[in-house]
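Asks: Below is the structure I would like to discuss, written out as structure tokens.
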Amino acid sequence: MIMTNNILLIQGEAAEASAVRDVLGSADDGHFQIEWVRTCAVALDRLQLQGKRHLGEPAGIAAVVVDLSLPDSNGIDTFNRLFGAAPQIPILVMASAKQESIAKLAVQRGAQDYLLKGRLYRYLMPKAVQNMLDRNTFADAMFIEKERAEVTLNSIGDAVMSTDEDCSVTYLNSVAEKLTGWTCAEATGRPANEVFEIIDETTRQPMANPLAKAMRENKTVALTPNCILVRRDGYQSA
């Protein structure tokens with residue numbers, strides 16, 4: 001079964017809109033159904049309806065292709081308004097050569113890509129749109145996988161903390177949050193020995209954190225029996 005992707009084309013000039021529709025309509029790399037609107041205001045209304053689409057209704061907008069120069073909006077403000085209304089929908093920006101710096105700014109702010117209007121070749125534009133859709137599909141799949149992993153890690157009874165190669169914290173599950181007194185957001189980016197601080201039960205002196213040794217030697221390292229964890233609030237637990 002061939003999937004048709006619904007593309008919202010926002011273009012003020014009828015001739016240019018027709019050219020884009022011809023290019024995408026005859027594409028070999030993807031199957032696109034084009035919905036054309038002339039103004040940013042109408043596009044925003046359409047995106048608002050997209051957000052209210054119910055389960056079981058026909059597929060909504062897969063991507064947006066927008067000219068930065070519209071009858072009611074111009075420049076980076078055009079992109080900002082659309083992205084603010086539907087940040088989950090990938091956006092391809094079209095711009096004149098004089099607007100290329102603005103198009104690059106739009107990419108920095110979240111647009112998937114940009115094309116100069118003088119270069120809307122039959123190969124280049126469909127490829128750019130399809131690549132944009134593929135990247136968005138991959139990002140959605142990665143997000144779902146991350147959500148599933150977090151649900152799994154939060155459902156087990158053990159504390160889980162992960163770090164990068166510099167031993168900076170990248171993740172705490174809910175049990176680790178309760179154990180250390182740090183939330184995942186607060187701990188992320190901090191040194192592991194600051195979040196997981198252990199001291200000697202007898203001397204109360206700091207002890208070497210086993211995480212660095214485990215990473216260095218690539219093996220499981222157990223805590224020594226006489227260590228105590230110091231929570232963020234100062235409470236000490238064996």
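Asks: Go ahead and run the numbers for FRET between Y171 and L49, Cβ-Cβ distance against an R0 of 25 Å, rounding to 0.05.
Replies: Approximately 0.10, to the nearest 0.05.
Asks: Still on this model: Report the full-extension gain for the segment S18 to K213: residue separation times 0.36 nm, less the Cα-Cα distance, to one decimal in nm.
Replies: That pair, S18 and K213, stretches by 63.9 nm at full extension.
Where a number appears in this text, it was derived from the coordinates with a stated rule and is not lab data. Keep in mind the model is a prediction, meaning the values are calculated, not measured. Positions of Cβ are backbone-derived with ideal geometry, glycine not excepted, and every protein chain shown enters the neighbour counts.
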